[in-house]
1. Restricting attention to the range 46-59, which residues are more than 20 Å from the chain's Cα centre (by Cα) and surrounded by 15 or more Cβ atoms within 10 Å (Cβ to Cβ)?
2. Identify, by number, the condition in (1) surrounded by fewer than 19 Cβ atoms within 10 Å (Cβ to Cβ); (2) away from ligand 2 (no atom under 16 Å from the Cβ); (3) not in a loop (DSSP other than H, G, I, E, B) that residue 321 doesn't meet.
3. All but one of (1) assigned to a loop (DSSP other than H, G, I, E, B); (2) more than 16 Å from ligand 2 (Cβ to nearest atom); (3) closer than 29 Å to residue 110 by Cβ hold for residue 227; which doesn't?
4. Take the residues in the range 274-303 that are touching a helix residue (DSSP H, G or I) at 6+ places or on another chain (Cβ under 8 Å) and away from ligand 2 (no atom under 12 Å from the Cβ), then tell me which one is nearest to residue 113 (Cα to Cα).
5. In the range 190-206, how many are within 16 Å of ligand 2 (Cβ to nearest atom) and outside any strand (DSSP E or B)?
6. I'd like the full set of residues that are within 17 Å of residue 65 (Cβ to Cβ), part of a strand (DSSP E or B) and either in contact (Cβ under 8 Å) with a residue 40 or more places away in the chain or within 16 Å of ligand 2 (Cβ to nearest atom) (or both), limited to the range 2-41.
7. Which of the residues belonging to the range 330-373 are closer than 18 Å to residue 217 by Cβ and crowded, with 21+ Cβ neighbours inside 10 Å?
8. I'd like to verify a number: residues in the range 255-270 that are within 15 Å of ligand 1 (Cβ to nearest atom) and either surrounded by fewer than 24 Cβ atoms within 10 Å (Cβ to Cβ) or under 27 Å from residue 377 (Cβ atoms) (or both), how many?
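A short reminder: the numbers here are calculations on the coordinates, not readings from a lab. Every value quoted in this text rests on a predicted model; they were computed, and no experiment measured them. Every residue, glycine as well, gets a Cβ built from its backbone with ideal geometry; the counts of neighbours run over all protein chains shown.
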Ligand code: AMP
Ligand code: GLY
């Protein structure tokens, strides 16, 4: 019966894709999104509550008698939204604050992987600047330095020279405002990276299609790192054997490890993985859907996503998930200047003629006009029987969008099409 009310917490392209999938469910009657965005507001009801305002979200869920809440961003999980909802008996999809450590604390994640034999880069942890500097100086470059501190961003620096490493270590260990900071110095790994997301409920792990993000701003993987400039599914350089290995030896092992630690997962586990010459290894875990990977993965789901969310939230058996036998390719349209400074409020026209999924990331509606309102503005996702066809379609549809202040990469999926990796 189509009678369920769902609250989605978050507001970017990832949440737009989650809302889009929920609206395809035969059970879902109404979707709220807090805070949502202009694109989400066109298909669901935006609620002006910040995604980390747990008391206000809880009050809203009760007042509206929502059947299920689905959490997008890590910040809300780290703010303890799941713990708060569960304490009041409200169904919610997402991990507890303690389980979210698999993402929020790099030290916790590394120790977990070491203890349970999950393949990852070798590492050492330092809290003392002099000791870290001496260790790094005696090792080959590049050096991978990961900041692991409370209340601050999770910086990763791949330093090419001792000077660069020293600057980063000083910032991380000497100039840190938060005390208790530590730095993980990791072995530098090489190989193509890919994302493997699974629905996890305790020991149950249900895989989603693999995808690949594009972190650099410009074609050819040049320019600064961004929140992701595009993604696609159907990775030709990952074999079925690789995928099976990653599933069993990484994702399932991590889920079991979290159960053994008394911190069972109940949401999405995202493996940021690398296919190195020594096999597949973990670069990082995230405790949530990836962005922009979710925007290319969820359009392929044929099953009822509400049933999956509800099963995970309730600790029941996850239904078998059916995926379309197609691939998807998505291109992010970003404001010129991003990830640096950029103008906002520039009109976007032609979106109503687009025949592909268009997930909004940073847009606003003002007097009936659609305007840019963020660094990453929207993501167009096309599907097709092959990556080449999906890519052709995506760029043909992008050509219909008119805006003076957008740029995008023209080479999404180049690793797949050039067979370079
Ligand atoms: P993370 O935030 O841990 O995902 O790291 C950000 C990016 O830094 C990754 O996507 C990789 O491209 C790079 N990186 C992180 N760890 C390593 C490593 N051990 N070896 C090589 N590159 C790495
Ligand atoms: N695409 C990387 C992330 O979601 O963290």
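1. Matches in the range 46-59: 46, 47, 49, 53, 54, 57, 58.
2. For residue 321, the exception is condition (3).
3. (2)
4. That would be 282.
5. 1
6. Answer for the range 2-41, where residues must be within 17 Å of residue 65 (Cβ to Cβ), part of a strand (DSSP E or B) and either in contact (Cβ under 8 Å) with a residue 40 or more places away in the chain or within 16 Å of ligand 2 (Cβ to nearest atom) (or both): 4, 5, 6, 7, 8, 9, 28.
7. 330, 331, 332, 333, 334, 335, 338, 361, 362, 372
8. Residues that pass the stated criteria total 1.
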